[in-house]
Structure formats: C-alpha cells, structure tokens
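The structure appears below as structure tokens.
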Amino acid sequence: MSWSEELHTTYDVIEKNGDLKLQHYRHGTLNLSNAWGDDFEGSRWFINSVEFYRDNKGKIEGFKVTQGRARNQVFEKVKSKKYKDIPSRPVKISV
C-alpha cells in the first residue's frame, strides 16, 4: 500500500498476469504500461505517469504520479493498514 500525504489517499500496487496495476477503493483498477525502466504510463486521465523510486539498495520505496496539472505527487510505501480506511478527499487548507 502507498500513501500520499498531499492527496490523503492510498493506492495498492498489484501484479496480475505479469502486468502492474494500481488499485484504489473509489477509482477501481488502473492499468499501468511500462514506458521504460521504473516508469509507467497510467490508463486514466488523472494518472499520466507513474515513476517508482528506490532506496540505495534497490528496494522500491514508493512512486511519484504526474498528470496534466501536477508533477511528482509522492506516494510512500507504508506497512500500516490504518491508511486503508482514509477516504480520498480534498484537503482543507486554512489561510
């Protein structure tokens, strides 16, 4: 499971029949197509690009999403299931 502090939502990265997919409780399953290396193209308008990033030992730590209006939205790999029940919602910002 990967959590975005900025977007307050989670995605599960799953492999099915050799293909990578993102699973979201509201958006369902999103297909990923390998572009090159650790970079993938998303199948929905709100996820154009998914770039997995690794630690210095080569282990995947999370991914960054880029779409039309935003770049490098970070999703960090988390072990805790407490994020599973957090709904995807706009973040209220106080000025």
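Note on segment 1-37: residues that are charged (D, E, K, R) and within 13 Å of the chain's Cα centre (by Cα) total 4.
Consider W45 carefully, then state whether it is exposed (fewer than 13 other Cβ atoms within 10 Å of the Cβ) and either in contact with a helix residue (DSSP H, G or I) (Cβ under 8 Å, 6 or more places away or on another chain) or closer than 15 Å to Q67 by Cα (or both). When the stated conditions are applied, W45 passes them. In the set G62, G58, G42, only one residue is without any contact (Cβ under 8 Å) to a residue 40 or more places away in the chain and within 13 Å of the chain's Cα centre (by Cα); that residue is G42.
Report yes if L22 is surrounded by 15 or more Cβ atoms within 10 Å (Cβ to Cβ), touching a Lys or Arg at 6+ places or on another chain (Cβ under 7 Å) and in a strand (DSSP E or B), otherwise no. It would help to see each step written out before you state the result.
Details: surrounded by 15 or more Cβ atoms within 10 Å (Cβ to Cβ): yes; touching a Lys or Arg at 6+ places or on another chain (Cβ under 7 Å): no; in a strand (DSSP E or B): yes.
In short, no.
Among the numbered conditions (1) closer than 22 Å to R69 by Cα; (2) in contact with a Leu (Cβ under 9 Å, 6 or more places away or on another chain); (3) exposed (fewer than 15 other Cβ atoms within 10 Å of the Cβ), the only one that I14 does not meet is (1). Scanning segment 31-71 for residues that are closer than 15 Å to T9 by Cα and part of a strand (DSSP E or B) turns up I47, G62, F63, K64, V65. Per this entry, R44 is not counted among residues that are out of contact with any strand residue (DSSP E or B) (no Cβ under 7 Å at 6 or more places or on another chain) and modelled with pLDDT under 95.
The values are calculated or read from the model by the stated rules, or taken from the named source; none is laboratory data. Just so it is clear, the model here is predicted, and its values are computed rather than measured. Don't worry about glycine lacking a Cβ; one is built from the backbone with ideal geometry, like all the others, and counts go over all protein chains shown.
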